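The values are calculated or read from the model by the stated rules, or taken from the named source; none is laboratory data. Remember, it's a predicted structure, so these values are computed and weren't measured experimentally. Cβ: placed from backbone, ideal geometry, glycine included. Neighbour counts: every protein chain shown.
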Amino acid sequence: MTDERLTAWVHGQVQGVGFRWWTRSRALELGLLGHATNHTDGRVLVIAEGPHERLTALLDLLRGGRTPGAVTLVVESWEGARGGLTGFVER
């Protein structure tokens, strides 16, 4: 099975509420690699690599309504894994 890369732009009240920490915890539980990064426009960028079903599970969690803060929209894109990631970090 080939790993994939999920890029998810998370919109809403997702900065200053523990969202990146929460995302990191869920990603590590799923065995994913990547990062969650705050952007100046208030969004959080989530990059994660791993098996498709685990990435889908993370995406479902991001959209699930139980995140810190208030997610209003998650815009996703998919591609093949690029590699070069170690662990899952907050940026």
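Okay, here's what the table says:
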read-out: Lone qualifier among LEU61, LEU28 - being closer than 13 Å to LEU85 by Cβ and either under 12 Å from the mean Cα position of the chain (by Cα) or not aromatic (Phe, Trp, Tyr) (or both); value: LEU28
read-out: Residue list for segment 15-58, restricted to those being in contact (Cβ under 8 Å) with a residue 40 or more places away in the chain, farther than 16 Å from GLU76 by Cα and β-branched (Val, Ile, Thr); value: VAL17
read-out: Residue satisfying condition, being among the hydroxyl-bearing types (Ser, Thr, Tyr) and modelled with pLDDT of 95 or more, within set THR86, THR7; value: THR7
read-out: Among residues of segment 11-31, those that are closer than 17 Å to GLU49 by Cβ, out of contact with any Phe, Trp or Tyr (no Cβ under 6 Å at 6 or more places or on another chain) and among the hydrophobic types (A, V, I, L, M, F, W, C), counted; value: 1
read-out: THR2 out of contact with any Cys (no Cβ under 6 Å at 6 or more places or on another chain), surrounded by fewer than 18 Cβ atoms within 10 Å (Cβ to Cβ) and in contact (Cβ under 8 Å) with a residue 24 or more places away in the chain; value: yes
read-out: Residue tally, condition under 13 Å from the mean Cα position of the chain (by Cα) and exposed (fewer than 10 other Cβ atoms within 10 Å of the Cβ), over segment 65-91; value: 1
read-out: Extreme residue, surrounded by the fewest Cβ atoms within 10 Å (Cβ to Cβ), among residues of segment 31-58 that are more than 17 Å from GLY87 (Cβ to Cβ) and of a type in the set (Val, Ile, Thr); value: THR40
